[in-house]
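Everything below concerns the one structure shown next.
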Amino acid sequence: MTIEISKLSESLEVITEEMFSLIQELFPICRSITGNGVRESLERIKENIPITKHEIPTGTKVFDWIIPKEWNIKDAYVTDLNGKKIIDFQKSNLHIVSYSTPIKKQISLDELKKHIFSIPEKPDYIPYATSYYNETWGFCLEHNKLIEMNDEKYNISIESKLEDGFLTYGEFLIEGESKDEILISSYICHPSMCNDNLSGVVVATALAKYLKNFKLKYSIRFLFIPETIGAISWLYLNKNKTNNIKHGLILTCLGDSGHFIYKKSRRGDTEIDETVVKILNESKKKFEVVDFFPWGSDERQFCSPGFNLPVGSLMRSMYGKFPEYHTSADNLEFMNKNSLQESFEQYFLIISELEKNFTKAKIESKIMKEKVRLEHEDYFLSTNPNCEPQLGKYDLYEKFGGQYDKEKDDLKSAIFWILNFSDGSHSLKEIAARSNLDLEIIKKTALLLESKKLILRD
């Protein structure tokens with residue numbers, strides 16, 4: 001049958017309950033960018049839609065990145081010398097820094113504190129921290145509990161394995177009349193946090209489950225991937241398929257009570273950008289539209305200059321902007337069923353609108369409009385135009401991830417802006433204007449990136 005909006009209302013209540021039920025199932029699972037938690041989560045999703053599981057071996061080179069070792073964890077805790085547990089992985093998998101190496105020893109409080117992450121400004125929340133590409137270990141704890149620790153020594157134990165294995169992701173293609181595709185991508189690597197990003201995962205699953213019963217003009221490709229490294233890996237392995245992607249959306253942060261925010265594609269004037277804004281306008285509810293910026297979620301990989309695909313992201317409260325972000329407060333209680341339902345509806349209406357307007361004449365070209373270059377301005381080319389480079393190996397990234405706000409750091413922001421827009425058609429002056437960063441910071445950062453051979457003068 002062809003896609004019919006009128007029939008959606010009859011199914012919405014059931015769809016919403018299924019989405020929330022799936023969030024409840026997935027929430028306790030300890031996920032990371034690799035490992036059994038991802039596989040278990042994909043198996044739960046497979047009960048709803050027939051996804052195909054792909055695995056990429058450790059050590060595989062994907063553009064500037066290497067697939068890391070696989071990480072799995074059985075248990076982790078900190079006890080006082082009487083055996084009382086102060087930190088307990090079994091109570092929350094956020095208590096462990098993701099990718100922590102195994103350790104079992106007695107340690108002084110002063111030394112232990114060097115490996116404990118907390119948020120003084122949010123003393124009742126457990127933070128989310130990662131160490132994917134730096135072999136170390138750590139725990140996360142509510143700051144209120146950290147300041148109560150005053151024994152001289154503690155026992156620590158992390159039962160984990162970091163060994164050669166695989167990066168795993170899931171994929172499901174609904175084949176339409178055309179090979180032209182709509183890309184729907186969501187990331188499945190975060191542990192027990194709901195808005196970021198089980199909400200995106202369950203909305204994508206529900207869309208796939210519902211739409212597979214319709215006769216579609218576009219093919220629709222659904223990806224359930226580890227953030228960043230998963231998108232980079234998919235693009236590397238499927239370079240020959242990217243020309244088929246005519247529209248794309250990254251699903252994240254769709255279950256909280258905030259209004260909708262749409263982050264445009266890098267190009268900013270594609271059909272997906274126009275369609276999303278049209279549907280949001282028709283909703284008669286408050287929303288925001290923001291221009292593309294080169295950090296955030298996987299839109300930055302699909303929009304990297306070497307691909308420059310028409311991929312945006314429709315979310316509710318933006319990542320990094322709500323107090324519960326990357327903490328234990330992003331839990332089941334934070335979810336709003338009405339918001340989940342409305343998010344599903346908006347995505348369904350966007351896809352319906354794209355289907356309605358499907359014509360060969362409207363399909364976007366990858367080639368950007370040519371621009372007149374000014375001879376007196378500085379232009380650069382990225383040496384890694386296909387996805388962002390792995391900044392850590394150039395000593396340009398923190399060893400621990402998950403907690404900081406990139407937007408508050410001018411240097412980090414400048415790095416991402418310059419790498420994404422060093423395509424030979426944007427001068428440093430234009431990048432400064434678009435990023436709202438001082439031109440001197442842009443110039444200084446460009447020299448740093450040039451010294452690292454990440455960009456070269458064009």
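The values are calculated or read from the model by the stated rules, or taken from the named source; none is laboratory data. Worth saying up front: this structure is predicted, and the values here are computed from it rather than measured. Positions of Cβ are generated from backbone atoms using ideal geometry, with glycine treated the same way; all protein chains shown enter the neighbour counts. Surface accessibility is based on the protein's heavy atoms, side chains included, excluding ligands, DNA and RNA. Shrake-Rupley method; radii C 1.70, N 1.55, O 1.52, S 1.80 Å.
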With every protein chain in place, the accessible area of TYR394 for a 1.4 Å probe, in Å² rounded to the nearest 10, comes to 50
Based on the Cβ-Cβ distance from LYS453 to ASN150, what FRET efficiency comes out when R0 is 60 Å, to the nearest 0.05? 0.75
Ignoring ligands, DNA and RNA, what percent of the 1.4 Å accessible area of the range 73-142 is carbon and sulfur? 46
Taking 56 Å as R0, compute the FRET efficiency from the Cβ-Cβ separation of VAL14 and ALA433 and round it to 0.05. 0.70
Which lysines does LYS286 reach when only Cα atoms under 23 Å apart count, and residues fewer than 8 places away in its own chain are ignored? LYS263, LYS264, LYS278, LYS321, LYS337
LYS212: which aspartates and glutamates have alpha carbons under 12 Å from its alpha carbon, excluding same-chain residues fewer than 8 sequence positions away? GLU175
Under a 1.4 angstrom probe, counting protein chains only, how are TYR236, TYR262 ranked by accessible area, largest first? TYR236, TYR262
Greater than 23 Å apart at Cα, pairs in LYS217/LYS241; LYS61/LYS241; LYS114/LYS444: LYS114/LYS444
On a straight-distance basis, which aspartates and glutamates could pair with LYS113 in a cross-link, Cα separation under 15 angstrom, same-chain partners fewer than 8 positions away excluded? ASP80, GLU142, GLU148, ASP151, GLU152
Sort ARG300, ARG434 by heavy-atom solvent-accessible area, probe 1.4 angstrom, most to least. ARG434, ARG300
Using a 1.4 angstrom probe and counting only protein chains, how large is the accessible area of ASP269 in Å², to 10? 90
Could I get the Rg over Rh figure for the range 404-458? Both from C-alpha atoms, Rh via Kirkwood, rounded to two places. 0.93
Mean projection of the alpha-carbon convex hull of the chain over all orientations, in nm²? 22.1
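Give me the percent relative contact order of the chain, please, defined on Cα pairs under 8 angstrom at least 6 residues apart. Mind dumping the intermediate values first?
Numbers: 942 pairs, mean separation 77.5, N = 458.
Contact order relative to length: 17 percent.
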Estimated FRET transfer efficiency (ASP291, THR359; beta-carbon r; R0 30 Å; 0.05): 0.65
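Among rounded, prolate and oblate, which fits the range 191-232 when a ≥ b ≥ c are the square roots of the eigenvalues of its C-alpha gyration tensor, a/c under 1.5 means rounded, and a/b larger than b/c means prolate? Let's see the in-between values first.
Details: a/c = 4.23, a/b = 1.62, b/c = 2.61.
Note, shape of the range 191-232 comes out oblate.
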Label the range 262-333 by shape, choosing from rounded, prolate and oblate, from the square roots a ≥ b ≥ c of the eigenvalues of the Cα gyration tensor; if a/c is under 1.5 it is rounded, and otherwise prolate applies when a/b is larger than b/c, oblate when it is not. oblate
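Provide the gained length on full extension for the span GLU333 to TYR236, in nm with one decimal, where the gain is 0.36 nm per separating residue minus the Cα-Cα distance.
Numbers: separation 97, 0.36 × 97 = 34.92 nm, distance 3.80 nm.
Full-extension gain reported as 31.1 nm.
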Excluding ligands, DNA and RNA, the carbon-plus-sulfur percentage of the accessible area of the range 207-254 with a 1.4 Å probe reads 40
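When Rg is the radius of gyration of the Cα atoms in the range 121-222 and Rh is its Kirkwood radius, what does Rg/Rh come to?
Working: Rg = 21.0 Å, Rh = 18.0 Å.
Checking Rg against Rh, the ratio lands at 1.17.
Magnitude of the Cβ-charge dipole of the range 231-315, K/R +1 and D/E -1, about the Cα centre, nearest 20 debye? Mind showing how you got there, number by number?
Numbers: 12 positive and 10 negative charges, 28 e Å.
Once rounded to the nearest 20, the dipole reads 140 debye.
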Can you sort GLU430, GLU181, GLU148 by 1.4 Å-probe accessible area, starting with the largest? GLU148, GLU430, GLU181
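Checking a compactness column here: for the range 75-133, what do you get for Rg(Cα) / (2.2 N^0.38 Å), N being the number of residues? Present the calculation step by step, with values, prior to reporting the outcome.
Values: Rg = 11.8 Å, N = 59, 2.2 N^0.38 = 10.4 Å.
For the range 75-133, the normalised Cα radius of gyration comes out at 1.14.
Find the relative contact order for the range 124-205 and round it to a whole percent, using C-alpha pairs within less than 8 Å whose residues are 6+ positions apart.
Numbers: 30 pairs, mean separation 14.0, N = 82.
So the answer I get is 17 percent.
Starting from the Kirkwood radius over alpha-carbon pairs of the range 202-274, derive D by Stokes-Einstein at 20 °C in a medium of 1.002 mPa s and give it in µm² s⁻¹.
On the way: Rh = 14.6 Å.
Reported coefficient: 147 µm²/s.
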So what's the gap between the Cα centers of the range 206-267 and the range 93-158, to the nearest angstrom? 35
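Please state the relative contact order of the range 1-117 as a whole percent: Cα pairs under 8 Å, 6+ residues apart? Display every interim value, and only then the final one.
On the way: 66 pairs, mean separation 17.7, N = 117.
Dividing the mean separation by the residue count of the range 1-117 yields 15 percent.
Can you tally the net charge around ASP256? Count Lys and Arg as +1, Asp and Glu as -1, for every other residue whose Cβ sits under 9 Å from the Cβ of ASP256. Intermediate values should be presented prior to the final figure.
On the way: positive: ARG316; negative: GLU324, ASP330.
After counting each charged neighbour, the total is -1.
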